[in-house]
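The values are calculated or read from the model by the stated rules, or taken from the named source; none is laboratory data. Here the structure is a predicted model, which is why all the values come from computation and not from measurement. Cβ sites come from the backbone with ideal geometry, for glycine too, and all protein chains shown count toward neighbours. These area figures cover heavy atoms from the full protein model, side chains too; ligands, DNA and RNA do not enter into them. Shrake-Rupley method; radii C 1.70, N 1.55, O 1.52, S 1.80 Å.
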Amino acid sequence: MIDEQRPRELLAALLTAHDEASGSVQLAAKPPTALRVVVDGLDAVRLPLTDEDARRLKAAGRPARFGRGEQTLTDRRVRDTWEVPRESVHAEWAAPALAADLEVVREELGLPRGARVRAELHALLVYEPGQFFVPHQDSEKDDAMVATLVVTLPSQHSGGELVVHHLGEATTYRGFADRLALVAFYADCRHEVRPVTSGYRVTLTYNLLLDGDTARVPSDQATIDEVARALRAHTSTPAPQRYGPPHAPPGRLVVLLDHEYTERGLAASRLKGDDARRVALLRAAAGAAGFETVLALADVHEVRDALTEDGDDRWDDWDDDEDDEIPDDEIPDDDIADDGPLDQAAGELLDSEIQLTWWADGEGPGSGPISSDVTDDEVCTLTPSAWLRPYASEHTGYMGNYGNTVDRWYRRAALVAWPAELGFANRAEASPVWAVEELVALARAADPAVAADAARTLAPFWDATVTTCPRQAELLAGALSAAIAVDDPDVAEALLAPFPVESVGTRHAEGLAAVRERYGSSWFEGLVRAWAGESRPLQWRRSGPSREQWLGALPEVCDALTAAGPAGGAAARSLVETAWGLLAALVRPALARPTAAGRHRLEVLGLPLAAVVRVAGSLRRRDLLEEVRTFCREHGDPAGPWVLAVLRRAAPGAASAIDVFHPLAADQQARLAARLEQPIRRPDDWSMSLPEGCACELCGRLAAFLSEPGHVTLEWPLAKAGRQHVHGRIDGAELPVTHETRRRGSPYTLVLTKTPDLFEREARQRDQDAGDLALLRATWR
């Protein structure tokens, strides 16, 4: 059978073959005598309720609240009902009425047979005509809470239907005029109370808690064996691709579950409905197959075609109700509402992404946040996400050649299973900080070679894991310890090379000194080159300082390295040399742009230059200081704003034991003095230069016009493409030249006019140069 079906398809069929649990259940109606309700300060409530009694209950209540994020709010647009304080409400059931019903709830909702469902009164609610509660989910107010019970007291009313949404279906429940109506549903089921149209709807709500033996033990050994065979087939069968050869077999299986769970509520003992049966079966099969399992939470992002009700891909009346969303955070005061009815107008699935964000791993890192992307080859979906309620949605209308799509985000639970021999690699991919700590523990408990072998299993994913890890600085600290523990230069390099240089901070000084001492200077210099490699785009990093920020903090890092001993000092010398190469690469584009934006960029990069020069001076790297000075001299006047930004911040005597800033100050003084000795532009000299760039015929004619001292205006018949090119060159260089198009004749005429701003700019620059020269002469004698 496995040969005839893909393993994941077979697994889905086996896991859903005996689905039987419901999301909600209506219990048999009860006579009014089954329940006695007393509210402090009032007589016993008579059942069925009269309108007069309902009004007395309303008078004892207050506007009901709901949770939105971390707030508890009163908003009648979301929840419009009256709530009698629960401490004032006393409800007594005639034995064994409620106990028997709770056993039916346990059976219908698919809760474990050995467990007991207990009801805890939560609220008494009064809905008068026009009142309602928008679609929402109940918060789980106790670790043992799994469901909600709503008891509608008998009364003459219309409207006020309770609608429970589960797996894409909506079930409507109504109260009775002469009997108690009881409805139970899982707490994560979205539900609503529609507006009451006449009379009063009065309900008691209960939290349903699960006690006792919550274990599920599947009894069908044949099915367990078949699931075990399918698990082994999944991780041993190459994954077929639409194009090209198959991929290597997946290293794990991720089975998405149906119900929602909080981080606190994610546990095998609190799984709901068919999730519990499926997970019990999977875990039993995993044990037979030699697999390990963990429970996880996943974020699912789907992109679909946007469709209207008639099935086409127009979206004229799409209603984005995201602003009304009320997140499902655990607020103890009451139910938690969020957005309106699910928008069904979505068509073909275009793209999807799944990421595991949290897990409960009893054998590895424990419960906590993780970050692990799930590939299409790994996932087994028993219920399509489209049947569930997204926690957020967004429509993108037509945007030229793309758009008119719906993005939806879902939170789902999952069971993750993998072969025991791949346990370390799978846990490491999800929790890399744990992985490097475990490598150190392995080396200490057994042998460095054992840790090195474990580290080699990280190779397929380690680069991507490190690059996207949000805790990069913490991960690098652990990786440095692990690199020493494995006692293998190749494995150590593989562990450390994927980190960007920006992740290196003062906390890593001792580790850097230790690895340099362990593996030598050439190994360490190669590692630093890898950290600064151009093949690692900066935008990949999810956290940490920018390159400019890291360069600015370089003195603190190198001071910490120097304090770590001779090996640390040697590491600092390698680091500052690499830092200078990175800074030179950052500054070259700005030096090539003689514009306001380019000058601003140079001023921003002044702090990194000051940091590099300070460190080079403190480490007595005269060769590097001379390289910096030569670089600045070769770039001439364009480098002036960069160097001046450094000299304005620095102070004589505060740099180092050797003179590091005076040579730069001397160069700038000479350059400024030379510029100021130049004669002031004559009033009839309109010449200017076009910065280097394009060498086309149009730019040649533009440059000739700009360089002519007495030529102020140029009328130039030019086609549209040529006009656009000339516009771009003028605007890009921020030249004091206007460009207008005279739209007569063919082609139109481009009119270029030099403006008096040419003289004003030079006057402002001359004043700036004079001020800078005076400052340098006063400060850097």
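Dipole size of region 472-625 about its Cα centre, with +1 on Lys/Arg Cβ and -1 on Asp/Glu Cβ: approximately 720 debye, rounded to the nearest 20.
Computed from phi, the 3J(HN,Hα) profile of region 410-419 under the Karplus parametrisation 6.51, -1.76, 1.60 (θ = phi - 60°) reads 10, 10, 9, 8, 8, 10, 10, 10, 8, x Hz, with x in place of Gly and Pro. For the chain, take the longest principal axis of its alpha carbons; what is the angle in degrees between that and the long axis of helix 606-618, to the nearest 10 within 0 to 90? The angle comes out near 70 degrees. Between the Cα long axis of helix 554-563 and the first principal axis of the chain there is an angle of about 90°, rounded to the nearest 10. Label positions at E697 and A28, each projected 7 Å from the Cα along the C-beta direction, are separated by 9.8 nm.
The modelled label-to-label distance for the pair R742/N404, using points 7 Å beyond Cα in the direction of Cβ, is 4.6 nm. Surface composition of region 1-150: carbon and sulfur atoms hold 47% of the protein heavy-atom accessible area at a 1.4 Å probe. For the pair T467 and L775, a Förster radius of 56 Å applied to the C-beta separation gives a FRET efficiency near 0.80, rounded to the nearest 0.05. Counting only heavy atoms of the protein chains and using a 1.4 Å probe, D453 has close to 90 Å² of accessible surface. Adding -39500 (n - 2.57) for every DSSP H run of four residues or longer, then dividing by how many residues the chain holds, sets the calculated 222 nm ellipticity at -12000 deg cm²/dmol. Per-residue SASA remark: W418, around 0 Å² accessible (1.4 Å probe; ligands, DNA and RNA not included).
Return the lysines within reach of K720: Cα separation strictly under 26 angstrom, same-chain partners fewer than 8 residues apart disregarded; answer none if there are no such residues. Partners within reach: K754. Suppose R0 equals 56 Å; then what is the FRET efficiency for S352 and D75 from their Cβ-Cβ distance, rounded to the nearest 0.05? In this case the efficiency is close to 0.95. The 1.4 Å probe gives accessible areas that order E348, E525, largest first, as E348, E525. Computed with a 1.4 Å probe on the full set of protein chains, the accessible area for T171 sits at about 60 Å².
With θ taken as phi - 60° and the Karplus curve 6.51 cos²θ - 1.76 cosθ + 1.60 applied, the whole-hertz 3J(HN,Hα) list for region 276-281 is 5, 5, 5, 5, 4, 5 Hz, x standing for glycine and proline.
Among R55, R201, the sequence by solvent-accessible area, most first, with a 1.4 Å probe is R55, R201. When you filter the GluC sites (Glu not before Pro) in region 190-276 for DSSP loop state and at most 16 other Cβ atoms inside 10 Å of their Cβ, you are left with E263. Rounded, prolate or oblate: pick one for region 73-112, where a ≥ b ≥ c are the square roots of the eigenvalues of its C-alpha gyration tensor, a/c under 1.5 means rounded, and failing that, prolate if a/b is larger than b/c, else oblate. Oblate.
Extension gain for E120-E20 works out to 33.4 nm (0.36 nm per residue, less the C-alpha to C-alpha distance). Treating r as the C-beta distance of A13 and Q241 and R0 as 35 Å, the FRET efficiency rounds to 0.90. Each label was represented as a point 7 Å from its Cα along the Cα-to-Cβ direction; for D637 and A446 these points are 6.8 nm apart. Placing +1 on the Cβ of every Lys and Arg and -1 on the Cβ of every Asp and Glu, with no other charges, gives the chain a dipole of roughly 2920 debye about its Cα centre.
Per residue, the chain exposes 46 Å² of accessible surface when a 1.4 Å probe is rolled over the protein heavy atoms with every protein chain present. Close amide H contacts of G159 (hydrogens built in the peptide plane, cut-off under 5 Å, sequence separation of 5 or more or a different chain): T197.
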